[in-house]
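Visitor: Just dropping this structure here.
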Ligand SMILES: NC(=O)c1ccc[n+]([C@@H]2O[C@H](COP(=O)([O-])OP(=O)(O)OC[C@H]3O[C@@H](n4cnc5c(N)ncnc54)[C@H](OP(=O)(O)O)[C@@H]3O)[C@@H](O)[C@H]2O)c1
């Protein structure tokens, strides 16, 4: 269920079958760890300032994981915001671990997932996690088919034990979503998607029909920030920044899209939150739609 309201962070959205309602513009905490999502940030006070500024500005949806840092991002969230405002929804994810060589390895056994829930609870200072996404490892460039039933079943058991309130998925295909929905209710899907990478267009529309939010990761291009002359031109015409236009485009793309742009900078945070006030005309949307076609054309 969503409603666009002027002056708010893109309007509000309620995760289906829950009492959790968030502003459509939230915050992704991955950038708060050190370089390579490893170790402490260069500026710990700055990281705390970003989180406090976000919440003060009305953000009530924070995306995180205990494998950012590892552990460090959650510990910073706790230090900055605990005791948490009642309306704050913290979404975390399971499915990976970070060994000392800083690589990303799957952590998908029942024991891994159970330990991951306890790591998140301890480091965030919570008795139960609002939403846990099962993050499938997939291939380098996105999801890969394969059963996720065992992992979703483990999360559903942890939900019955009261440690998890709701379950979501990340980096999954439509078939994996359907498989998971045959086991338990899925309240959100978080996949890679932005102006230039639109392979999930059909999935977004299907989720919209089901009232399930789609939460794009890498909304600004992630490790490779979006760059496009069309985007810059549009931003110039609107008196906005390219990143603001990229976020506003996502808000316009579908009412079930929730944003979690990541930043380690208060200035960028403010810029990103202001994207909710940008209205894009049909002509501008058409111009921006052309970016994906160009980005995905063979070179
Ligand atoms: N499920 C998954 O597998 C998965 C994977 C990746 C990420 N995520 C989640 O998704 C969130 C968003 O993804 P992301 O942080 O990787 O990528 P992103 O939001 O697409 O982009 C973040 C990058 O953009 C920069 N940036 C942010 N705002 C900016 C602005 N206004 N102007 C210029 N540069 C700006 C940031 O640098 P500064 O710090 O300098 O602003 C950072 O380098 C993450 O924080 C994380 O919570 C999930």
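Visitor: Would you mind pulling out the separation of the Cα centroids of the range 50-87 and the range 213-283, in Å?
Guide: That distance is 21 Å.
Visitor: In nm, what is the difference between 0.36 nm times the number of residues separating residue 122 and residue 56 and their Cα-Cα distance?
Guide: Gain on extension, residue 122 to residue 56, equals 21.3 nm.
Visitor: Stokes-Einstein diffusion coefficient for the chain at 37 °C in a medium of 0.692 mPa s, Rh from the Kirkwood formula over Cα pairs: what value in µm²/s?
Guide: D, rounded to a whole number, is 170 µm²/s.
Visitor: Would you kindly state how much longer the chain becomes between residue 42 and residue 86 on full extension, computed as 0.36 nm times their sequence separation minus their alpha carbon distance, in nm to one decimal?
Guide: My answer for the length gained is 12.8 nm.
Visitor: Continuing with the same structure: How far is it, in nm, from the label point at residue 21 to the one at residue 161 when both lie 7 Å from their Cα along the line to the Cβ?
Guide: 3.3 nm
Visitor: Once you put a point 7 Å from the Cα of residue 183 and another 7 Å from the Cα of residue 237, both along the Cβ direction, what distance in nm separates them?
Guide: In this crude label model, residue 183 to residue 237 measures out at 4.7 nm.
Visitor: For the Cα atoms of the chain, what angle does the longest principal axis make with the long axis of helix 44-56, in degrees from 0 to 90, nearest 10?
Guide: 70 degrees
Visitor: Can I ask one more? Pull out a ≥ b ≥ c, the square roots of the eigenvalues of the alpha-carbon gyration tensor of the range 233-277, then state rounded if a/c is under 1.5, prolate if not and a/b is larger than b/c, and oblate in the remaining case.
Guide: Since a/c reaches 1.5 but b/c is at least a/b, the shape of the range 233-277 is classed as oblate.
Visitor: If each residue of separation counts as 0.36 nm, what is the full-extension length gain between residue 115 and residue 144 once their alpha-carbon separation is subtracted?
Guide: 8.0 nm
Visitor: Give the calculated FRET efficiency between residue 103 and residue 206 to the nearest 0.05, with a Förster radius of 25 Å applied to their Cβ-Cβ distance.
Guide: My answer for the efficiency is 0.15.
No lab work stands behind these numbers, since they all come straight from the coordinates. In this text the structure is predicted, and so the values were computed from the model without any measurement. Positions of Cβ are generated from backbone atoms using ideal geometry, with glycine treated the same way; all protein chains shown enter the neighbour counts.
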